[in-house]
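Asks: First the structure, which I've put down as structure tokens, then a few questions once you've had a look.
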Amino acid sequence: MTLSLDFFRSSIGKKIIMAITGFIWFGFVIAHMLGNLQVFQGPEKLNAYAKFLKDLGPLLWVARIGLLVAFFGHVIVAILLKKENSAARPVAYAKQSTIQASKASLTMIYSGLLLLTFLVYHLLHFTLGVTNPDHYSYEYILKNGDVVHDVYAMVILGFQQLPISIAYVVFMFFLALHFSHALGSMFQSLGILAPKHNPIIQKIATGLAVIVFVGNSSMPISILLGWVK
Ligand code: HEM
């Protein structure tokens, strides 16, 4: 018990928690994106996939609760770390390199806050159908006769609206920025790899962030341009 509390109180313990909770969300974002990309294969594919997820029942709830815990864990520990850093450094840095580092962590706070806004909006839009209730009411009959919620129609009707699509692409940019910095700095702050590997790690992190940005933005952009109807 004392050991676990000590772990949580230590700075490295907090960074490990940030890394684990961040990875859970990174994994979810990649899996969610791959699932959503089925929009390019038409309504049958995407709606059958959405039904498959809903049919997971209790397992879906385990995943949802896991994501929620990881999310709040990530945010709370981020605030604790920020407080710790400010307390350790009451006077601003004088050296350029450390100014750069604190700029990057400020970016993390702002991009993180924007992602929180995105998530609330996204859940109201697609999961709860609050922002566009008219898009939420459609049903679709699968080839096997099952009547399901028409997630495909909801996505198409949502992204056919310019402000919604622009908002998604902007949010995806900040998501990519957040990931790219987080993945890059995680290996450094945890000291997992020798500093000589930093440039290659940062390149891989940027590459993954670009994949997330392009993959997720391809949906609103293609729908807005009328390529997917
Ligand atoms: C263009 C990009 C995206 C599209 C098209 C999209 C689409 C969707 C749709 C259609 C749903 C509702 C599924 C249903 O009710 O059957 C959903 C749920 C959700 N999305 Fe996204 N999403 C995108 C990006 C993201 C990102 C980047 C995140 C996280 C940072 C995210 C997090 C979630 C969460 C947490 C849920 C709720 C899952 C649940 O209800 O269990 N989404 N998304």
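Asks: Between A63 and L162, how high is the FRET efficiency from 1/(1 + (r/R0)^6) when r is the Cβ-Cβ distance and R₀ = 41 Å? Nearest 0.05.
Replies: For A63 and L162, the calculated efficiency is 0.80.
Asks: Using the Kirkwood radius over C-alpha pairs as Rh, can you work out the diffusion coefficient of the chain via Stokes-Einstein at 4 °C, viscosity 1.567 mPa s, in µm² per second?
Replies: In µm²/s, the coefficient rounds to 66.
Asks: Projecting each Cα onto the charge dipole of region 2-224 (Lys/Arg +1, Asp/Glu -1 at the beta carbon, about the Cα centre), which of G57, T206, L114 comes out farthest on the positive side?
Replies: Positive-most Cα among the choices belongs to T206.
Asks: Which lysines have a Cα lying under 29 Å from the Cα of K83, excluding residues fewer than 8 positions away in the same chain?
Replies: Qualifying lysines at Cα under 29 Å: K14, K15, K95, K103.
Asks: Still on this structure, I have one more. Over the chain, what percent of the accessible surface lies on carbon and sulfur atoms, probe 1.4 Å?
Replies: 73
Asks: Counting only heavy atoms of protein chains, what accessible area per residue, in Å², does the chain have with a probe of 1.4 Å?
Replies: Per-residue accessible area for the chain comes out at 60 Å².
Asks: Right, next: Using only DSSP helix segments of four residues or longer, with each worth -39500 (n - 2.57), what per-residue ellipticity at 222 nm results for the chain after dividing by its residue count and rounding to 500?
Replies: The per-residue figure over the chain is -26000 deg cm²/dmol.
Asks: Quote the charge dipole size of region 2-224 about the Cα centre in Debye, to the nearest 20; the model charges only the Cβ of Lys and Arg (+1) and of Asp and Glu (-1).
Replies: 1020
Asks: Another question, then. Quick one: length gained pulling A87 to K229 fully straight, 0.36 nm per residue minus the C-alpha distance?
Replies: My answer for the length gained is 45.8 nm.
Asks: Please list 37-49, 57-69 highest first by mean number of surrounding beta-carbon atoms within 10 Å per residue.
Replies: 37-49, 57-69
Asks: Could you compute the FRET efficiency for V130 and D55, with r as their C-beta to C-beta distance and R0 at 22 Å, rounded to 0.05?
Replies: Plugging the Cβ-Cβ distance into 1/(1 + (r/R0)^6) gives 0.40.
The values are calculated or read from the model by the stated rules, or taken from the named source; none is laboratory data. Remember, predicted model here, so these are calculated numbers, not experimental data. Every residue, glycine as well, gets a Cβ built from its backbone with ideal geometry; the counts of neighbours run over all protein chains shown. Each accessible area value is taken on the protein alone, full model and side chains, heavy atoms only, with ligands, DNA and RNA left out. Shrake-Rupley method; radii C 1.70, N 1.55, O 1.52, S 1.80 Å.
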